[in-house]
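Worksheet: one structure, shown below.
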Amino acid sequence: MLAEASPSNFELVVMLAILELPGNAHGANLRRKIEAETEQEVTYGSLYVALDRLEEMGWLRSVVGPGSIHRNGRPKAIYHFTIEGLKCFGQTGVSVQSLLDFEANL
């Protein structure tokens, strides 16, 4: 676990999207949410690198969600904050507006 590591700006944007999608924060929804908020294209590769790093830091955890007909029955990972993650995210001092303004740097 990399608890002392700091999240990148993109990782902060990902965390904000997770907060706004409680219980429904999976790859496709997160990508759509981030793209809608930032008006920038987000690749699944960059999204999953960020999600993996945040899990390694101990800020997020994923659980296997149900499969769907759209995924041919394959399950999906649903991302949630850990208690440590919520505390650390709150201590970043990042405002929502500064995250949304981040769009120029994606």
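Derivation of every value follows stated rules applied to the coordinates shown; laboratory data play no part. All figures in this text were calculated on a predicted structure; none of them were measured in a lab. Ideal geometry is used to build each Cβ from the backbone, glycine not excepted, and the neighbour counts take in all protein chains shown.
Against the empirical 2.2 N^0.38 Å (N residues), segment 9-98 has a Cα radius of gyration ratio of 1.06.
The protection proxy used here, the mean number of other Cβ atoms lying within 10 Å of each residue, ranks peptides 28-39, 81-92, 10-21 as follows, highest first: 10-21, 28-39, 81-92.
Computed on segment 9-98, with alpha-carbon pairs under 8 angstrom and 6+ residues apart, the relative contact order is 29 percent. The modelled label-to-label distance for the pair Gln40/Arg71, using points 7 Å beyond Cα in the direction of Cβ, is 2.6 nm.
If the chain linking Ser62 and Ile83 were pulled fully straight, counting 0.36 nm for each residue of separation and taking away their Cα-Cα distance, it would gain 6.2 nm. Here the dipole of segment 9-98 is about 380 debye; that uses its Cα centre as origin and unit charges on the Cβ of Lys and Arg (positive) and Asp and Glu (negative).
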